[in-house]
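Read-outs: derived from the displayed coordinates by stated rules, not from any lab. In this text, all values refer to a predicted model and were calculated from it rather than measured experimentally. Note: ideal-geometry Cβ built from the backbone for every residue, glycine included; neighbour counts use all protein chains shown.
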Amino acid sequence: MQRLSIGETALTSLDATFTEIDFATHEDAARLTNGSTALIIPNDINLDDIKDVIAKAGAIIVQFPKFGDGRAYSQARLLRDRYDYKGPIIARGDVLADQILFMRRCGIDVAEIAANDISAFNHALTEFDQFYQSSSDNVKPVWAIRSA
């Protein structure tokens, strides 16, 4: 698996490396050091329960255990919009090309994917350039463009 940044139109190599910590208890949070540690959160955790440790993470890894489980999208959106998390949010697990654009729109900016899938992911990032919904990526929705 490669860890790649999700750009506007293409995936690019991510140079940053992180020490990963599975979040199980608040004692684990004591091991976080700003900028160098990636916090792996379960997709069933209530983010309010860990709001005091979110800002300490150098990166946060959200998990997609299977295609139909979209809780990590909600976590990413909440991390960006409610908790004002500015660091990288990394998608791990069952990450598919046709989901990558929606991941970026929810605030996920890094994905772990197989090397042989890069061209499909790049194509998916450019498939749509206008949207009806507002999102964490601050792209102006079509309805706002039309009413301007």
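Counting other Cβ atoms within 10 Å of each Cβ, which chymotrypsin sites (Phe, Trp or Tyr not before Pro) in the range 54-148 have at most 13 and sit in a DSSP loop?
In loop regions of the range 54-148 (DSSP not H, G, I, E or B), the sparsely surrounded chymotrypsin sites (Phe, Trp or Tyr not before Pro) are Phe67, Phe128, Tyr132.
Less than 25 Å apart at the alpha-carbon level, and either on another chain or at least 8 residues along: which lysines does that give for Lys140?
Lys86
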